[in-house]
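In what follows, a single structure is set out as structure tokens and then discussed.
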Amino acid sequence: MKSLRINGQRLMDRIMALAAISPIEGGGNCRLALTDEDKEGRDLVVTWMKDLGLEISIDVVGNIIGVWNVGSGASVMTGSHIDTVRTGGKYDGNLGVLAGLEVIETLQQAGVTPSRPISVGVFTDEEGARFAPDMLGSLVFVGGLSVEEALDIRAIDGPRLGDELQRIGYAGNTPCPQRPPHAFVELHIEQGPLLEANGVRFGAVTGVQGISWQELTIIGQSNHAGTTPMRLRRDPVVVVAEVAKFLHDLALRFGDNQVCTVGKIDVHPSLINVVAAKATMTLDVRNTDEMLLRKAEEEISSFIADIGKREGVTTSARTLARFEPVQFDQRVIDIIHRHATDLGETVQFMPSGAGHDAQMLARVCPTAMIFTQSKDGLSHNAAEYTSPEDLEDGANILLHTMLTLAETDFS
Ligand code: HGY
Ligand code: MN
Ligand code: MN
């Protein structure tokens, strides 16, 4: 059994076939959640699941679960997402789903039948870029968000999540929350620079940092750019600029794992000769330490109140996502470490800077993650790259980790 290996070429072929759907310049993908491109990707993965003879269910928020129904009891589950950001790469999420299918195909071809079912999840809207929060599908899967609330969430371009599920034919009827798996392990690219910088090929992920997403709306007064004296202006864009700078400086001041990002800014009416009437901006604030994350949120909200008063505008903040830091299960981390070592590899124990579906599954079953290197630490960028050798060996660690999880009694 120890010598069992996945078929790296077959894994690469599937990764490239999925990447051929909704390609963007530079070799990446734009497959925003529940768009026609996402549907196309979903349909392809479902076809592969059917080819493997998996039992396929679509749940009420469009999560696709393929089960190889061998053995008995709750399944050992893996998976991830195939939705992407607008400047997505080939591997973010896709690797975790396709490596799961590769594990099943390898076991089937080797005539190895685990004592538990093996399942692969394709979770809806992991990115949260079109419908916030991120990890939405897996959050509903584990009961962390009600189905009703999820279905009523509006996309940044307007449509209601439930209507988009209907439109693309993925409004399933399997109820959520679903039965917890026996254990969950997700293979994912690191999306950061640490493994490459340390010359380590794989990460045994210890947890996920806390995430705070807000949308800040600033209402000022539109006015003439030429005739309105500076002292009479109520310009929301001045507040956008000050808040963005404050976030940047706060992250530098806190240091360590603190990160802050303003990724989306919308201005109305957005014309060269009009002092804006309204602006909205997103605040993405993260830290591995919950107390520091709260401190950052408090400092940011009092800064916004002060600057809003100074500029004579009104501000209102809406929470889009708020997840505390998550610790993965040491028993699963140890199994990952053992199999990486068996492969002759060292691993780096590390928290994840990015959010992942695994952080939601960790609420209901023993969970951890395997990271592969990201070249130059790039992700959410078309140039995202991980070598075929790392993808293949990451999937080999996944294969043996899942086999061991199937034989592990966590009670
Ligand atoms: O935002 C994140 O960390 C993930 O890519 N959804
Ligand atoms: Mn991802
Ligand atoms: Mn992502």
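When the stretch 145-179 is filtered for residues that are under 30 Å from His337 (Cα atoms) and either among the β-branched types (Val, Ile, Thr) or crowded, with 18+ Cβ neighbours inside 10 Å (or both), only Gln178 remains.
Restricting attention to the stretch 9-28, the residues that are assigned to a helix (DSSP H, G or I) and out of contact with any Pro (no Cβ under 6 Å at 6 or more places or on another chain) add up to 10. Each residue in the stretch 160-217 was checked for being over 30 Å from Glu148 (Cβ atoms), aliphatic (A, V, I, L, M) and in contact with a Gly (Cβ under 9 Å, 6 or more places away or on another chain), and 5 of them qualify. Would you check if there is a residue in the stretch 87-97 being within 11 Å of ligand 1 (Cβ to nearest atom) and in contact with a Lys or Arg (Cβ under 7 Å, 6 or more places away or on another chain)? Within the stretch 87-97, one or more residues are within 11 Å of ligand 1 (Cβ to nearest atom) and in contact with a Lys or Arg (Cβ under 7 Å, 6 or more places away or on another chain).
Can Ala368 be described as among the small types (Gly, Ala, Ser), within 26 Å of Met291 (Cβ to Cβ) and either within 15 Å of ligand 1 (Cβ to nearest atom) or buried (at least 17 other Cβ atoms within 10 Å of the Cβ) (or both)?
Yes; evaluated as a whole, the condition is true for this residue.
Residue count for the stretch 113-151 satisfying the condition of being free of Cβ contacts under 8 Å to residues at least 40 places away in the same chain and of a type in the set (A, V, I, L, M, F, W, C): 1.
Among the residues in the stretch 325-344, are any surrounded by fewer than 18 Cβ atoms within 10 Å (Cβ to Cβ), under 20 Å from Asp92 (Cβ atoms), within 16 Å of ligand 1 (Cβ to nearest atom) and under 15 Å from the mean Cα position of the chain (by Cα)?
Checking the stretch 325-344: not a single residue is surrounded by fewer than 18 Cβ atoms within 10 Å (Cβ to Cβ), under 20 Å from Asp92 (Cβ atoms), within 16 Å of ligand 1 (Cβ to nearest atom) and under 15 Å from the mean Cα position of the chain (by Cα).
What do you reckon, is Thr106 within 23 Å of Arg179 (Cα to Cα), surrounded by fewer than 24 Cβ atoms within 10 Å (Cβ to Cβ) and either at pLDDT below 95 or away from ligand 1 (no atom under 16 Å from the Cβ) (or both)? No: the conditions fail for Thr106. Residues in the stretch 156-181 that are in contact with a Ser or Thr (Cβ under 9 Å, 6 or more places away or on another chain), assigned to a loop (DSSP other than H, G, I, E, B) and within 18 Å of Ile82 (Cβ to Cβ): Tyr170, Gly172. All of Val112, Val140, Val76, Val67 fail the test of being within 25 Å of Asn7 (Cα to Cα), in the same structural domain as Glu25 (by TED's automatic domain parsing), modelled with pLDDT of 95 or more and surrounded by 23 or more Cβ atoms within 10 Å (Cβ to Cβ), apart from Val76. The numbered conditions (1) touching a residue at least 24 places away in the same chain (Cβ under 8 Å); (2) touching a Ser or Thr at 6+ places or on another chain (Cβ under 8 Å); (3) assigned by TED's automatic domain parsing to the domain that holds Ile218; (4) assigned to a helix (DSSP H, G or I) are all true for Phe303 except (2). Scan the stretch 244-256 and tell me whether some residue there is modelled with pLDDT under 95 and either in the same structural domain as Gln214 (by TED's automatic domain parsing) or away from ligand 3 (no atom under 16 Å from the Cβ) (or both). Looking for residues that are modelled with pLDDT under 95 and either in the same structural domain as Gln214 (by TED's automatic domain parsing) or away from ligand 3 (no atom under 16 Å from the Cβ) (or both), one finds at least one in the stretch 244-256, hence yes. Entry remark, the stretch 281-313: residues being surrounded by 14 or more Cβ atoms within 10 Å (Cβ to Cβ), polar (S, T, N, Q) and more than 23 Å from the chain's Cα centre (by Cα) number 1 in total. When the stretch 345-361 is limited to residues that are among the small types (Gly, Ala, Ser) and crowded, with 23+ Cβ neighbours inside 10 Å, the one that is farthest from ligand 1 (Cβ to nearest atom) turns out to be Ala358.
Listed by first and then second residue, the pairs with beta-carbon distance under 6 Å, at least 6 apart or on different chains, first residue in the stretch 394-411 and crowded, with 24+ Cβ neighbours inside 10 Å, second among the small types (Gly, Ala, Ser), are Ala395/Ala99; Ile397/Ala340; Leu398/Ala99; Leu405/Ala183.
Which residues, counting only those in the stretch 73-122, are closer than 19 Å to Gly355 by Cβ and among the charged types (D, E, K, R)? Result: Asp83, Arg86, Asp92.
The values are calculated or read from the model by the stated rules, or taken from the named source; none is laboratory data. The model shown is predicted, which means the values in this text are computed figures rather than measured ones. Because the Cβ atoms are built from the backbone with ideal geometry, glycine has one as well, and the counts that use them run over all protein chains shown.
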